[in-house]
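Data block below; observations after.
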Amino acid sequence: MKNLKLFATPLAMLFVCIIACTPKNEKKEPLAKETVSGNSGNFIRIKGHGFSNDRLQNVVKFGDVKAVVVDATPKYLLVKVPPHKAGTVPVMVIVGEESSNPILFEYNSHPALLAAAIPTK
């Protein structure tokens, strides 16, 4: 019986350690309760920390669509909103192996028209 206790105790401790150290695949919840909205082609500035100074090392995805990072600092990213159908999508930033919690971006269903004054002669 003593040998069984000597075997069972370390086995139980190993089992607890394995369960405690197993990464959990938790779904990341959006950071903001409000949704940011805009149109494809707009530029947005994402504020945070841990970004790479090399803009190419920062990956920003609007849903499954990769955006162009125009400028990057360790605290800000300037991103061009990629084309997408109207609706709300999660936006995530990925730097190396790290990824952010998603924020929500709503594509406007009717793109804004830009009006320009055209001089006449």
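Values as computed for the structure displayed
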quantity: Spin-label pair residue 54/residue 73, simplified geometry with 7 Å Cα→Cβ offset, distance in nm; calculated: 2.1 nm
quantity: Where a label projected 7 Å from the Cα of residue 109 along Cα→Cβ would reach, residues of region 37-81 with amide N under 11 Å; calculated: none
quantity: Accessible carbon and sulfur surface of region 34-111 relative to its total accessible area, %, 1.4 Å; calculated: 51 percent
quantity: Given charges at Cβ of Lys, Arg, Asp, Glu: region 48-114 dipole, positive-most of 82, 69, 104; calculated: 82
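The values are calculated or read from the model by the stated rules, or taken from the named source; none is laboratory data. Values in this document were obtained by computation on a predicted structure and should not be read as measured data. All Cβ positions, even for glycine, are placed from backbone atoms using ideal geometry, and neighbour counts span all protein chains on display. Quick note on the areas: whole protein, heavy atoms, side chains included, nothing else; ligands and nucleic acids left out. Shrake-Rupley method; radii C 1.70, N 1.55, O 1.52, S 1.80 Å.
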